[in-house]
Amino acid sequence: MMNTRVSLKWLLAAAAALVLGAAQARTVDEIKKDGKIVVATEGQFAPFNYFKGTTLTGFEVELAEAVVAKMGVKLEWKALGFDALLAGLRQDRWDLVIASHGITDERAKAVTFAEPHYCSGGVIVSKSAAIKSAKDLTGKVVSVQTGTTYLDNVKKLAGVKEVKNFPQDTDARGALLTGRVDAWVTDRFVAKQQLDANPGSGLLMGDFLFIERIAAAVTKGNSGLAAEWNKALAAVMADGSYAALSKKWFNEDIRCK
Ligand code: ARG
């Protein structure tokens, strides 16, 4: 009797915790009524999302601001570690994430992706002209950011000696600059900007290791919000504002073709 009572009590508490923990994602209507969407990004991935002093900026930051303006709501930014971003969607801590996430089957099990807002891929960066392609990574030490598609794709290469991962991409880059690794795998446009900004760094850009489509994400199943974002993104892509932003940040149009 006593045992049954205790377990019943425990069961009820556990059920309540489950209900409270699994907060419901906000619908478009709720967001519109509130007048504000909460968007999370990392802020350490220039030129896509980064801090210039204390100001969050970058292509994705300005693009999200343009898209959200079309949706007719205000935008509140949150900046967090890359690893926390998709996990926080499930806890309803923000409505949408935009942080250069590649669309993968694995991630698509956990979140709902919007339409891609650019196409790119992971490139090999090194200080040696002899390290250019995937086969050149055999026997080499490679740095990547934790939780990224760069890590997944380098791990697939059988011959790599060691993969060192870092919570931030900037630290993965630092490892290459200081000679602790032989190569760094990062986004093509991130690499390009680094090379352009620091011509004396000795960094060389090699081949694409893989290509990917990059998209914002919402809580799994919040298709109403994804649809609203997609509609506004399509409008920004059609009215010339996407082209202008892309030209400003990359001097080319990086939308998926
Ligand atoms: N595109 C890569 C991925 O999908 C890297 C994204 C890194 N983003 C960032 N904000 N650090 O995993």
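Some notes on this structure:
- Some residue of the range 164-176 being in contact (Cβ under 8 Å) with a residue 12 or more places away in the chain and more than 24 Å from the chain's Cα centre (by Cα): no
- Output for the range 57-87, where each listed residue is within 16 Å of the ligand (Cβ to nearest atom) and surrounded by fewer than 20 Cβ atoms within 10 Å (Cβ to Cβ): Thr57, Glu62, Trp77, Lys78, Ala79, Leu80, Gly81, Asp83, Ala84, Leu86, Ala87
- Where a residue in the range 206-223 is more than 30 Å from Lys135 (Cα to Cα) and open to solvent by less than 40 Å² (accessible area, probe 1.4 Å) and its partner, wherever it lies, is small (Gly, Ala, Ser) and away from the ligand (no atom under 11 Å from the Cβ), with Cβ under 8 Å and at least six apart: Ala216/Ala64; Ala216/Ala114; Ala217/Ala114; Val218/Ala25; Val218/Ala114; Val218/Ala226; Thr219/Ala25; Asn222/Ala25
- Residues that are of a type in the set (Val, Ile, Thr) and near the ligand (Cβ under 9 Å from one of its atoms) were ranked within the range 99-118; the one that is farthest from Leu63 (Cα to Cα) is Thr104.
- Near pairs, Cβ below 7 angstrom, 6+ apart or cross-chain, from the range 141-162 (surrounded by fewer than 18 Cβ atoms within 10 Å (Cβ to Cβ)) to any residue that is assigned to a loop (DSSP other than H, G, I, E, B) and of a type outside the set (A, V, I, L, M): Val141/Lys161; Val141/Asp182; Thr146/Pro167; Gly159/Gly139; Lys161/Gly139; Lys161/Lys140
- Residue that is nearest to Phe48 (Cα to Cα), among those in the range 232-247 that are open to solvent by 20 Å² or more (accessible area, probe 1.4 Å) and touching a residue at least 24 places away in the same chain (Cβ under 8 Å): Leu245
- Residue among Ser128, Ser120 that is open to solvent by less than 20 Å² (accessible area, probe 1.4 Å) and among the hydroxyl-bearing types (Ser, Thr, Tyr): Ser120
- Of all residues in the range 65-118, those being closer than 20 Å to Gln145 by Cα and either in contact with a Gly (Cβ under 7 Å, 6 or more places away or on another chain) or assigned to a loop (DSSP other than H, G, I, E, B) (or both) number 11.
- So Arg90, is it within 16 Å of the ligand (Cβ to nearest atom), touching a residue at least 24 places away in the same chain (Cβ under 8 Å), basic (Lys, Arg) and surrounded by fewer than 22 Cβ atoms within 10 Å (Cβ to Cβ): no
- Subset tally (residues that are within 18 Å of Phe45 (Cα to Cα) and surrounded by fewer than 16 Cβ atoms within 10 Å (Cβ to Cβ)) for the range 193-205: 4
The values are calculated or read from the model by the stated rules, or taken from the named source; none is laboratory data. This one's a predicted model, so the numbers in the text were calculated from it and none came from an experiment. In this analysis, Cβ positions are derived from the backbone assuming ideal geometry, glycine residues included, and neighbour counts consider all displayed protein chains. These area figures cover heavy atoms from the full protein model, side chains too; ligands, DNA and RNA do not enter into them. Shrake-Rupley method; radii C 1.70, N 1.55, O 1.52, S 1.80 Å.
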